[in-house]
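Written below as structure tokens is the structure these notes are about.
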Amino acid sequence: MVRTAITRRMTFSSGHRLYNPGFSDEKNREVFGDCSNPNGHGHNYVLEVTVSGSVAEDSGMVINLKDLKRIVAREIIDKVDHRNLNVDVDFMKDLIPTTENFAQKIWEILDRSLGKGLLDRIVLYESENNWVEIRR
Ligand code: NI
């Protein structure tokens, strides 16, 4: 079987503030810089979700992109788009909403939702120049 990867790219916008409640204001500014500004700021995120496996003979597909899109929308995009990651998103509760932490949560949720070890890789771009990648 030739393991074949297919990727769906989706975009959303979320706000956040990076700070550790255990740090002083000064320490937060030192560690997180402008990202720690008290009233937060937003990002236009790009999420790439790669699924891999064998190509089914009857469909010619690894996964139906329609299904992949629906699952990513339901499990992630609908919950984070136009929301504040610090206060509006249950799965980010009690986490510092860095791109690393955010990507790890997205991985856990999608891996569970897709099942069968289908999820191969995710890339979460916080900006054009900063992104996090998680691979199986
Ligand atoms: Ni930020």
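The values are calculated or read from the model by the stated rules, or taken from the named source; none is laboratory data. Here the structure is a predicted model, which means the values were calculated and not measured. So basically every Cβ, Gly included, is an ideal-geometry build from the backbone, and we count neighbours across all protein chains shown. Note: accessible area is taken over every heavy atom of the protein model, side chains too, but ligands, DNA and RNA are not part of it. Shrake-Rupley method; radii C 1.70, N 1.55, O 1.52, S 1.80 Å.
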Hits in the range 1-18 (condition: away from the ligand (no atom under 11 Å from the Cβ) and either surrounded by 15 or more Cβ atoms within 10 Å (Cβ to Cβ) or over 23 Å from ASP90 (Cβ atoms) (or both)):
MET1, VAL2, ARG3, THR4, ALA5, ILE6, THR7, ARG8, ARG9, MET10, PHE12
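For (1) farther than 21 Å from GLY117 by Cβ; (2) loosely packed, with under 14 Cβ neighbours inside 10 Å, each residue gets a yes or a no:
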position: GLU26; (1), (2): yes, yes
position: ASP34; (1), (2): yes, yes
position: VAL46; (1), (2): yes, no
position: VAL51; (1), (2): no, no
position: ASP90; (1), (2): yes, yes
Answer with yes or no whether GLU75 is more than 16 Å from the ligand (Cβ to nearest atom), out of contact with any His (no Cβ under 7 Å at 6 or more places or on another chain) and either in a strand (DSSP E or B) or over 20 Å from SER13 (Cβ atoms) (or both).
no
Return the pair list, or none, for Cβ contacts closer than 6 Å from residues in the range 29-56 that are of a type in the set (Asp, Glu) and more than 9 Å from the ligand (Cβ to nearest atom) to residues that are open to solvent by 80 Å² or more (accessible area, probe 1.4 Å) and modelled with pLDDT of 95 or more, at least 6 apart or on different chains.
GLU48/ARG9
